[in-house]
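The values are calculated or read from the model by the stated rules, or taken from the named source; none is laboratory data. None of the values given here were measured: they were computed from a predicted structure. Positions of Cβ are backbone-derived with ideal geometry, glycine not excepted, and every protein chain shown enters the neighbour counts. The accessibility values were calculated without ligands, DNA or RNA, using every heavy atom of the protein model including side chains. Shrake-Rupley method; radii C 1.70, N 1.55, O 1.52, S 1.80 Å.
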Amino acid sequence: MLEAAVTFFSGQFQPHGYCLLWQPGLIWTHVVSDALIAIAYFSIPIVLVSFVRRRPDIEFGKMFWLFALFILSCGLTHVLAIWNLWHGDYALEAVVKALTAAASIPTAILLWPLLPRMLAIPSPSMLQRKNDELAAALAERDDVLGQLRAEVIQRERAEAALVQANKMEAVGQLTGGIAHDFNNLLQAISGNIELIGMMPDKPDKVARWAANAAQATERGTKLTGQLLTFSRQQRLEARPVNVARLVGGMEGLLRNSVGPTVSLKVEVADDVGTVRADPTQLELAILNCAINGRDAMPMGGTVIVRAEPEGDQVAIRIIDQGVGMTPEVAERALEPFFTTKGPGSGTGLGLSMAYGVARAAGGHLTIDSKVGEGTVVTFVLPRAEDDLGPPEQAAADPRQENARSAEILLVDDDPAVRAAVADMLRSRGHRVTEAGDGPQALLQLERSAVELLLLDFAMPGMNGAEVAARARELRPDLRMLFLSGFSDSAAIDRAVDGKARVLRKPITASDLADAIDEMMG
Ligand code: ADP
Ligand code: MG
């Protein structure tokens, strides 16, 4: 056995050419064919290997390598077949064949299970079809998206139009309401003045007509006050307000206002806390809500006013079990002049001013109402952190009895207003210098011993705030009182940082006198 192997490997064999009897035709046919096959077999693995190396994503890459090895060894057997035509190295040929067999068997075995996976590889035409389907789906989706977008735009437009329409309706209602109320007031004022003009020699009657006219003016003042509260342009006298004390103190007023058919419950937690608000306006707002509650219960019932702490906020609730509001009414209830009550019984300003007061105090107002079940109106106000500043009773200071006369500089660009205010001041014994604009006022200020500067806010050229700032530089200790028609309380505050008082026009002689007495006292 060993001997046989040794003989086999010693290479003592006849070359294959002997078997072919060295016939040149046969020999060369073998040589050329084997050479061609070998070349082809050597080139195929190169193609396979460079393919898998460049396409690492291809599945079964190992299979390609195995296949390359198998074909390479096939090629080698053909080279050896040529060699052995002239030599007898059959041992070497056998080894190479054995290697080929070793490579071919796993290749063949491994190839079969791969068949289903190879079949599953999509062909380019299948891919193209899938691509087309995908493109169609995408186009369809784009179409739907486009439609959706168009619909959204259309809806937004419709909504904007609706908002605009609502706004216009509210503005129309507002202007109509103001015009209506003011016409009535003007009627009352002009009628009475006309009467005075016609019969100036009847002192009794003149006094009564004058009183009527004054009363109408007062009503107008209240009206504009409520409007300004709503628009939050009025400079509310915000100060720390102890809610328990304020609401507790209103009990009598509330009881009288809800009348005999409706009972009242005031429930105030002791620790309810302090808010920053204008106490008079807050009282008025709560009162308005209580009266609404009464109006909602024509057959009687109970109005509950409840104040309680809620985290770092304070909730003041006015609760009734009355007719309630439909969602449409609730949505519009805060609009100025929106009322469902008949002419003469509702102004539509109650809730709107309450809303303004809540906003001015840094909070908000919520309405919770169901038809037939009642209404809860809630003021949610932030608790005031600082309890500094004058306590709320300061508003009820007793009047300064022994007022003294003062040296006053009055600045207003409107000559009629200036003359009227100057007359009011002089009638109280004050000495008055007048100025029609800022520069003139500053000049006067340097010349005379002015103690109090009375300033209009809206003036051409230098406005009141600018005059105040310059005046403050000239005379740091100067007392200042603004007579402001409207708005811009923020600008006034900036200019004087809380060192000036503000009175809102129209001003009555007694308001003005009180303010001056207080400032000079
Ligand atoms: P007014 O009371 O003058 O009508 P408001 O601003 O106070 O004006 O209220 C506006 C409207 O809101 C009322 O006309 C009424 O329709 C509705 N409303 C307000 N409060 C209540 C309430 N407590 N219950 C039912 N409806 C109310
Ligand atoms: Mg009301």
Problem - Computed E for M299/A269 - FRET, C-beta separation, R0 25 angstrom, nearest 0.05 - result: 0.25
Fill in the blank from the handout: If one compares the long axis through the Cα atoms of helix 203-231 with the longest principal axis of the Cα atoms of the chain, the angle in degrees, nearest 10, works out at 10 degrees
Exercise for the section: Find out how many positive minus negative residues lie around G374, taking Lys and Arg as positive, Asp and Glu as negative, among other residues whose Cβ is under 12 Å from that of G374. Expected result: -1
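Where Rh denotes the Kirkwood radius from the mean inverse Cα pair distance, what is Rg over Rh for the stretch 241-382? Intermediate values should be presented prior to the final figure.
Details: Rg = 14.0 Å, Rh = 14.9 Å.
Rounded to two decimals, Rg over Rh is 0.94.
Considering only DSSP beta bridges whose two residues both sit in the chain, what percent are antiparallel, to the nearest 5? If you can, show how the numbers build up before the last one.
Values: 27 of 52 bridges.
So the antiparallel bridges amount to about 50 percent of the total.
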Completion exercise
To the nearest 10 degrees, the tilt of helix 464-474 (Cα long axis) against the first principal axis of the alpha carbons of the chain is 80 degrees
Problem - Percent RCO, i.e. relative contact order, over the chain, from Cα pairs under 8 Å lying at least 6 residues apart - result: 9 percent
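I need the peptides 151-161, 167-177, 318-328, 415-425 ranked by packing, meaning the mean over residues of other C-beta atoms within 10 angstrom, with the highest value on top.
318-328, 415-425, 167-177, 151-161
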Exercise for the section: Give the angle, between 0 and 90 degrees and rounded to the nearest 10, that separates the Cα long axis of helix 415-427 from the longest principal axis of the Cα atoms of the chain. Expected result: 50 degrees
Practice task
Using label points projected 7 Å from each Cα along Cα→Cβ, tell me how many nm separate A158 and S448, to one decimal.
Solution key: 6.8 nm
Problem - For the chain, alpha-carbon Rg over 2.2 N^0.38 Å - result: 2.16
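Based solely on its DSSP helices, what 222 nm [θ] is calculated for the chain when runs of n ≥ 4 H residues each add -39,500 (n - 2.57) and the sum is averaged over all residues, nearest 500 deg cm²/dmol? Mind dumping the intermediate values first?
On the way: 17 runs with 308 residues, N = 521.
Helix-only estimate at 222 nm: -20000 deg cm²/dmol.
If packing is taken as the mean number of other Cβ atoms within 10 Å per residue, what is the order of 275-285, 455-465, 366-376, highest first? Walk me through the intermediate numbers first.
Details: 275-285: 23.1, 455-465: 19.6, 366-376: 15.8.
Put in order of decreasing packing, that is 275-285, 455-465, 366-376.
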Practice task
Might you work out the accessible area of M126 for me, using a 1.4 Å probe with all protein chains in place, and round it to the nearest 10 Å²?
Solution key: 80 Å²
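Residue separation times 0.36 nm, minus the C-alpha to C-alpha distance between A98 and A179: what's the value?
On the way: separation 81, 0.36 × 81 = 29.16 nm, distance 11.44 nm.
Residue separation times 0.36 nm, minus the Cα-Cα distance, leaves 17.7 nm.
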